[in-house]
Ligand code: UDP
């Protein structure tokens, strides 16, 4: 790799002179360390100190210039996991003049994206924390193209899924350990530091019990643009119109087993009259699994990281997640949240083993595989008697681990019944038309006219024009919502109307000022923005 870097043609002398004269330039986006990504010119890294270095000169720039707030707690998150105290980025500062006394810098000519992977051995973490955020960080900055190079600073070795990271750029990603072989002082000509969190949908429970993120900003469309890219890189063409429909049972072979898998496969095949096949990460290549999943009608699997692969399912397919005894499906929803993202167009079904007879526990295993033998007797007793794991924080709750690593004999009739509540006929990919939801614009030219009849009655005639974009759309149902509020009051009267004008007479008083708010609604739930408020005096 050292060779690979130095092969690129750069004028070493000029680069060194530029570094000494110009120092480091940093300009960032984001107001907080949790939403910040920084672009650098001439950011350096000392492989001996294992620290990034910012060189001050007459031309250096540092925006934001936070002073010591840069350490409270950090300049930015290096991984996509929010505010995790093992994932912070910062640099140390030096005058550019100090370069005279330092090891000769080695320049990195590629545009670099510098980040941390969060947990590269777990497939859910790989996709959710790393691959999707890296892909969309690269989409955000145009010089992070396929010729950019990824630098992973978390300190892990490649890990079992490194081939997936390789797909994101044409250059081999480099790990922190490998930087040592390149030199003592590395200087990145152009680099971006940090990852976009805009695609993440789940928080793992570091500060509150795990669950969907509070403000999810990604839809199925962006997930599917990413999977399309990955499949192109894996040389998997989207379905060769192979007509045969099938169900996949994604099994685990080491732990959290389905004990009656053969019986389950037979039952699914019989019930849905479909070929049913079993795959596992241990027995199939990643590409084979993607190829199979991308054409499947249904994916059935134990709760676990392998279920993140449902992001490769075709629209209209069904995800069935199986939960071991005492694990409440509502409390562990990374895959449910994914499947039910707007526009993902997947059906999600959770089944839980509620029968103690059908579970096999492993109290004597090591703690990280769910063993509880290290706990005191009373606590062991309590856990074994408990019928539901109470909500808990990540990541070492022994009761959770004990239940999570049980094996399960799936009660076939109960599972089929749960699936049948949702999947009435044949499951399967729907060749549905594009159902993207578009929102109305503001209504236009809103007007009101008042008329007073005597001292106690008045009328308010309000009219408006359709939103501009409606002219170019086919919308099944167009309605208007009008709120009439007496000036100075907190309450308002809401109306839903089908036409572009209406005369209000109920509760309208003479010699009063009314505020009138109007917005358009497409198909019952696509609410547009309110037009500028109308002031109407009767
Ligand atoms: N894994 C697997 N087969 C197994 C057990 C684990 O393929 O029998 C994979 C799993 O999909 C994940 C990684 O190994 O990518 C770590 O699994 P772990 O049980 O620690 O995490 P979880 O699946 O509960 O997120």
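Here, each number is a calculation from the coordinates, and none is a lab measurement. Computed from a prediction, not measured in an experiment: that's the story for all the values here. Glycine also receives a Cβ, built like all others from the backbone with ideal geometry; neighbour counts cover every protein chain displayed.
Results, tabulated for the structure shown:
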{"read-out": "Mean separation of Cα contacts under 8 Å (6+ apart) over length of region 495-535, as relative contact order %", "value": "32 percent"}
{"read-out": "Fully extended contour minus Cα-Cα distance, from residue 59 to residue 142, at 0.36 nm per residue", "value": "27.4 nm"}
{"read-out": "Ascending count of other beta-carbon atoms within 10 Å, so fewest first, for 171, 509", "value": "509, 171"}
{"read-out": "Residues in region 516-536 that a label on residue 492 would reach, taking backbone N under 19 Å of a point 7 Å out along Cα→Cβ", "value": "516-522, 524-536"}
{"read-out": "FRET efficiency, 1/(1 + (r/R0)^6) with R0 41 Å, evaluated for residue 93 and residue 396 via beta carbons", "value": "0.65"}
{"read-out": "Alpha-carbon Rg with Dmax, taken over region 268-335, Å", "value": "12.6, 34"}
{"read-out": "Percent antiparallel among DSSP beta bridges (both partners in region 265-410, rounded to 5)", "value": "15 percent"}
{"read-out": "Contact order relative to length of region 418-538, as percent, for alpha carbon pairs under 8 angstrom and 6 or more apart", "value": "31 percent"}
{"read-out": "Exposure proxy order (Cβ contacts within 10 Å, fewest to most) of 383, 277", "value": "277, 383"}
{"read-out": "Pair residue 438, residue 451: separation of 7 Å Cα→Cβ label points (nm)", "value": "3.8 nm"}
{"read-out": "R0 of 41 Å, Cβ-Cβ distance residue 380-residue 414: FRET efficiency to nearest 0.05", "value": "0.90"}
{"read-out": "Label point distance in nm, residue 473-residue 284, each placed 7 Å from Cα along Cα→Cβ", "value": "3.9 nm"}
{"read-out": "Three principal axis lengths of the chain [C-alpha, angstrom, descending]", "value": "92, 72, 57"}
{"read-out": "Per-residue Cβ neighbour rank within 10 angstrom, fewest leading, 294, 60", "value": "60, 294"}
{"read-out": "For region 315-357, the spread of Cα positions along each principal axis, largest first, Å", "value": "38, 18, 8"}
{"read-out": "Value in Å of the Kirkwood radius, where region 128-204 supplies the Cα pairs that are averaged", "value": "13.6 Å"}
{"read-out": "Structure-based [θ]222 nm, the chain - -39500 (n - 2.57) summed over DSSP H runs of at least 4, per residue, nearest 500", "value": "-5000 deg cm²/dmol"}
{"read-out": "Antiparallel %, DSSP beta bridges [both residues in the chain], to 5", "value": "55 percent"}
{"read-out": "Residues of region 463-487 with amide N under 19 Å of a point placed 7 Å along Cα→Cβ from residue 513", "value": "483-487"}
{"read-out": "Global form of region 293-373, assessed from the alpha-carbon gyration tensor, a/c cut-off 1.5", "value": "prolate"}
{"read-out": "Considering only region 27-105, percent of DSSP beta bridges that pair antiparallel, nearest 5", "value": "55 percent"}
{"read-out": "Simple spin-label estimate for residue 31 and residue 208 in nanometres, 7 Å along Cα-Cβ", "value": "2.0 nm"}
